[in-house]
Amino acid sequence: MSLINYMCKGLKRRFRIAGKRVGLELRRQFSGKTVWIDYGWMQLPYHGDGDLQELYYHLYGAEWWLKEWRLLAPYVKPDAVIVDVGANLGFLTTLFSKLTSGTGQVHSFEPSPVVFGKLREVVSMNALKNVRLHNMGCGEKKETLRLQFTESSGNSSLRLRRELVAYVRDVQDVEVVRLDDYLAPELTRLDLLKIDTEGFEDCVIAGTMKTLECFRPVIYLELTSEYLEPSRRALALLKSLGYYFPIEPMLEECHNGENFIALPPCRSRGNRVSLGD
């Protein structure tokens, strides 16, 4: 892609975001309260608090929903138990809840009190009866850490990369727990573990090793060159347990937002799927 095409693509994206923001903001000001848009696949809020992640969901949600549904549905049965670490507003929590609409259960973890409040609203508005919410992060041990909030809550992190420091809007102490201690004692099964924690994935996995050995869930996680060393460690930890990837992550080429399926050794390799399907 030429520099001119790249710049034009960036400008077009900014215009789309600005246009969507204006439209949603006018509706919010007219109603005087949070705007909810029913897209059919889920209801999404617009709070008008400057969080770009909300706009991204409104702009790209339909495309993302279809892609994630096609990718994850083969691994999720109606009675599945799922843990969603880094739930944000609950986009994937909602998808998981619908996929497990039978007797399944979804545990959603979100450390930010502000974002957690939105997550709770989304769960309520979409009537997700089989979701349990946990206002905390997950890591190697129980502790209090500093969460740095950026212009998009989707980029906020307990381990923020340097180039985003200039975009920090707030810093807040949050509770972090070790999944092996916090949740595992009450689990009788775990079918899928999703981790999207902006460079903290290795710590989440390190604190969940016993649970992974016990239940061998499918894992869906973000790996990225922006957090190269944590991604390398996450990859090594999973492979030490015998996990393999249908599509091997080329970490130096992965960019923020790229998620990968990891399958346990007990899964038939004939069940592999392509992220491009």
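The values are calculated or read from the model by the stated rules, or taken from the named source; none is laboratory data. Predicted model only: the values in this text are computed from it and were never measured. All Cβ positions, glycine included, derive from the backbone under ideal geometry; neighbour counts span all protein chains shown. Each accessible area value is taken on the protein alone, full model and side chains, heavy atoms only, with ligands, DNA and RNA left out. Shrake-Rupley method; radii C 1.70, N 1.55, O 1.52, S 1.80 Å.
Structure notes:
- Scanning region 181-195 for any residue that is touching a strand residue (DSSP E or B) at 6+ places or on another chain (Cβ under 9 Å), part of a strand (DSSP E or B) and at pLDDT below 95 turns up nothing.
- Test for Glu213: is it farther than 24 Å from Pro113 by Cα, surrounded by fewer than 17 Cβ atoms within 10 Å (Cβ to Cβ), more than 20 Å from the chain's Cα centre (by Cα) and without any contact (Cβ under 8 Å) to a residue 24 or more places away in the chain: no
- Test result for Asp202, part of a helix (DSSP H, G or I) and in contact with a Ser or Thr (Cβ under 6 Å, 6 or more places away or on another chain): no
- Here Lys141 clears all of (1) open to solvent by less than 20 Å² (accessible area, probe 1.4 Å); (2) over 26 Å from Leu71 (Cα atoms) except the condition numbered (1).
- The condition of being among the small types (Gly, Ala, Ser) and open to solvent by 10 Å² or more (accessible area, probe 1.4 Å) does not hold for Ala234.
- Cross-chain or 6+ apart pairs with Cβ under 6 Å, region 188-200 first and touching a residue at least 24 places away in the same chain (Cβ under 8 Å), then assigned to a loop (DSSP other than H, G, I, E, B) and open to solvent by 20 Å² or more (accessible area, probe 1.4 Å): Gly199/Arg159; Phe200/Leu158; Phe200/Arg159
- Restricting region 54-83 to residues that are charged (D, E, K, R) and within 30 Å of Cys214 (Cα to Cα), the residue that is nearest to the chain's Cα centre (by Cα): Glu68
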